[in-house]
Amino acid sequence: MYVLNVQQDSAWIAREGWAYADAILVALPRQENMRRALFERGAREARREGFSPDVDDGQRYLYLWWD
């Protein structure tokens, strides 16, 4: 897993106590049950954010983004 778009905004850190990031890139496993669980979680987040969920077509990574 890789944390993306890290914001080192000093005002945010002073208010919240930590840096802010709005995305992660997940290196997907080969095991079907583990992939399914990750895609299900990603689908819930995508729908909650108003996006269509990704479909598992054998890709190596899953990009998850929050606003």
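The values are calculated or read from the model by the stated rules, or taken from the named source; none is laboratory data. Quick caveat, the model's predicted, so the values are computed rather than measured. Backbone-built Cβ (ideal geometry, glycine too); neighbour counts: all protein chains shown. What goes into the accessible areas is simple: the full protein's heavy atoms, side chains included, and nothing from ligands, DNA or RNA. Shrake-Rupley method; radii C 1.70, N 1.55, O 1.52, S 1.80 Å.
Observations on the model:
- Failed item, numbered, when residue 64 is tested on (1) on the phi > 0 side of the Ramachandran plot; (2) touching a Gly at 6+ places or on another chain (Cβ under 6 Å): (1)
- Scanning the range 7-27 for residues that are closer than 15 Å to residue 63 by Cβ and out of contact with any Asp or Glu (no Cβ under 9 Å at 6 or more places or on another chain) yields 21, 23, 24, 25, 26, 27.
- Strands (runs of 3 or more DSSP E) enclosed by the chain - at least 2 residues per element that are modelled with pLDDT of 90 or more and open to solvent by 60 Å² or more (accessible area, probe 1.4 Å): 61-65
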